[in-house]
Amino acid sequence: MRIKKHPILTWDKGKKVKFFFEDKELEGYQTETIAAALHASGIKEMRESEEMHRPRGLFCAIGNCSSCLMIVNGEPNVRVCVTKLQEGMRVQRQLGKGELQR
């Protein structure tokens, strides 16, 4: 699911890191966003809409919409399309409006 080769573009993937998505250990690269790492792992549903409880996935990928809001390290409403992946992050789907976890 990850683009590995491109005819024009090149990029440094950086170091491979491990992170957790709903208690499942996954791998990604430190130069990519959380959304890119999730997408590469086959995870496309990122949250549930507040009113209709419908699944939402990556939409704008530039931080303007709210389709990619997730809970990251206990903090809700993180825009994972613009947040870089870090070693050991804990990521969860967000159901509706996010609430701080204590």
remark   = The strands (runs of 3 or more DSSP E) lying wholly within segment 19-99 that contain at least 1 residues that are surrounded by fewer than 19 Cβ atoms within 10 Å (Cβ to Cβ) are 24-29, 75-79, 90-92
ask   = Somewhere in segment 77-93, is a residue of a type in the set (S, T, N, Q), touching a helix residue (DSSP H, G or I) at 6+ places or on another chain (Cβ under 6 Å) and within 18 Å of K18 (Cβ to Cβ)?
value = yes
inquiry  = Against the conditions (1) assigned to a strand (DSSP E or B); (2) surrounded by fewer than 19 Cβ atoms within 10 Å (Cβ to Cβ), where does G14 fall short? Just the number, please.
reply    = (1)
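FYI, it's all coordinate maths here, none of it is from the lab. Treat the numbers as computed from the prediction; the structure is a model and nothing was measured. Note that each Cβ is placed from the backbone with ideal geometry, even for glycine, and that neighbours are counted across all protein chains shown.
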